[in-house]
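None of the figures in this text is laboratory data; all of them are computed from the coordinates on show. Everything numeric here is computed off the predicted structure, so don't read it as measured data. Using ideal geometry, Cβ is built from the backbone for each residue, glycine included, and neighbour counts are taken over all protein chains shown.
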Amino acid sequence: MKKSIFYYLFAVVCTVCLFTACSDDDIAIDDIVGQYPGTLDVSMAGQSVAKDLPTTIAVTSLSDSQVKVSLMGFTIPGVLPVPVNIEVTCNVTLKDGELRLSGNDTISIPSFGDIPVSVTGEADGNELDLDILVTSLTVSVDFEGYKK
């Protein structure tokens, strides 16, 4: 009788362990790959020059730890009339259930030459928040968008 109670108790413990799951909050690079329609707020030398500009940013996978962030045809009305393509390779790390993106690259702007750009931000597979800085031109771009 004592042995059978032990076996039943052992069976209950094993069953409970089978139904205990790990958190499925893990997010991978493939979860953030896609198109993100959203808006840009642009400031230059600390002054707002454009607000709520509609645009789409694309995120493509390069490896298990890197993505490319692409903002094609970027312009600043009245300041930068010639469209510029901003493409930056970003390293991706997981922190607090979100993927953190950060990268630096150079872009070519007509009449300015090659300009360094940095991108930082977060993505959770649904929302993408980015800060794009062009420090030599004191341009700061804040993007917020949601995955299509």
- Sequence-separation-based contact order of region 65-106, relative, with Cα cut under 8 Å and 6+ spacing, percent: 36 percent
- Task: Determine the sum of side-chain charges near SER43: Lys and Arg each +1, Asp and Glu each -1, restricted to other residues whose C-beta is under 15 angstrom from that of SER43.
- Result: -4
- Item | Packing-based ranking, highest mean first, of 79-89, 131-141 given that Cβ atoms within 10 Å are counted | 131-141, 79-89
- For LYS68, net neighbour charge (Lys/Arg +1, Asp/Glu -1) across residues whose Cβ lies under 13 Å away: -2
- Got a sec? Which residues in region 77-95 would a label at SER111 touch, if it sits 7 Å along Cα→Cβ and we count backbone N under 17 Å? 77-85
- Query: Dipole magnitude of region 82-133 about its Cα centre, charges +1 at Lys/Arg Cβ and -1 at Asp/Glu Cβ only, in debye to the nearest 20?
  - Reply: 180 debye
- Between the residues GLY46, ALA123, ALA58, the Cα farthest towards the positive end of the dipole of region 22-148, that dipole coming from +1 and -1 charges on the beta-carbon of Lys, Arg, Asp and Glu, is from GLY46
- Message: Just to check I understand the Karplus step: with θ = phi - 60° and J = 6.51 cos²θ - 1.76 cosθ + 1.60, what whole-Hz values come out for region 86-94, glycine and proline as x?
- Response: 10, 10, 10, 7, 10, 7, 10, 10, 8
- Note, GLU127: beta-carbon cut-off 10 Å, +1 each Lys/Arg, -1 each Asp/Glu, net -4
- Note on the structure: Expressed in nanometres to one decimal, the distance between label points 7 Å along Cα→Cβ at SER65 and ALA45 is 4.1 nm
